[in-house]
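Here is the structure we will look at, set down as structure tokens.
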């Protein structure tokens, strides 16, 4: 993807699935200068800069997907304001002992919110990847299609040759349960 217009970015986000993933990669690559600029302004560490940048991309895509972007500015300006706010949030949380603010995920089930929480914890991400690799092809494909590529259950059912979206949802649920159990077991062994 080269030099997408604002409308092309919006359209590709709204398409979901692999197209949304490609736009996310495009934004990570092409808008990185904003993250570097603000990291210098706010004296963020390299790790903080990476975290706020990826968090801002996720929040930006979510807001565009939910129709919160009204077109009153350029998309890059809109993203810059999200990124700037995330930088300020990091500074505030670093200067106080309060818990880090978290994004509410009303549109997801409790199981899905727990999955996002697991995946977002940086110290567990390597363990999650390793455990998913060990879970078998069926779970691996369904979890990656759902959690990484953003396919909906109907798309996953078609991609995995399942009978319907409910079958995909059932497999995802069982795999998430298995993933949590394996991670808990792995953490017990490490303690």
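Considering only residues of region 6-21 that are without any contact (Cβ under 8 Å) to a residue 24 or more places away in the chain and surrounded by 15 or more Cβ atoms within 10 Å (Cβ to Cβ), which is farthest from residue 84 (Cα to Cα)?
19
Identify, please: which residue in region 82-103 is out of contact with any helix residue (DSSP H, G or I) (no Cβ under 9 Å at 6 or more places or on another chain) and within 18 Å of residue 43 (Cα to Cα) and is, among those, modelled with the lowest pLDDT? Before you say what the answer is, go through the steps one by one.
As a first pass, look at region 82-103 and keep what is out of contact with any helix residue (DSSP H, G or I) (no Cβ under 9 Å at 6 or more places or on another chain): 92-93, 95-97.
With within 18 Å of residue 43 (Cα to Cα) added as a condition, the list becomes 92-93, 95-96.
Numbers: 92: 81, 93: 77, 95: 69, 96: 62.
Restricting to residues being out of contact with any helix residue (DSSP H, G or I) (no Cβ under 9 Å at 6 or more places or on another chain) and within 18 Å of residue 43 (Cα to Cα), the top hit is 96.
Inside region 46-63, can you point out the residues that are farther than 17 Å from residue 88 by Cα and buried (at least 17 other Cβ atoms within 10 Å of the Cβ)?
Within region 46-63, 61 is the sole residue that qualifies.
Assuming residue 66 fulfils every condition listed in (1) surrounded by 15 or more Cβ atoms within 10 Å (Cβ to Cβ); (2) within 20 Å of residue 152 (Cβ to Cβ); (3) modelled with pLDDT of 85 or more apart from one, which condition is it?
(1)
Report the residue count in region 135-165 for those that are in a helix (DSSP H, G or I), without any contact (Cβ under 8 Å) to a residue 24 or more places away in the chain and surrounded by 12 or more Cβ atoms within 10 Å (Cβ to Cβ).
So the count comes out to 11.
Per-residue answers, yes or no, for (1) modelled with pLDDT of 80 or more; (2) more than 25 Å from residue 58 (Cβ to Cβ); (3) within 22 Å of the chain's Cα centre (by Cα):
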| residue | (1), (2), (3) |
| --- | --- |
| 125 | no, no, yes |
| 150 | no, no, yes |
| 168 | yes, no, yes |
| 172 | yes, no, yes |
| 175 | yes, no, yes |
| 185 | no, yes, no |
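Output yes when any residue across region 27-45 is within 13 Å of the chain's Cα centre (by Cα), surrounded by fewer than 15 Cβ atoms within 10 Å (Cβ to Cβ) and not assigned by TED's automatic domain parsing to the domain that holds residue 146, and no when none is.
yes
The values are calculated or read from the model by the stated rules, or taken from the named source; none is laboratory data. As the structure is a prediction and not an experimental result, all values here were calculated from the model. Using ideal geometry, Cβ is built from the backbone for each residue, glycine included, and neighbour counts are taken over all protein chains shown.
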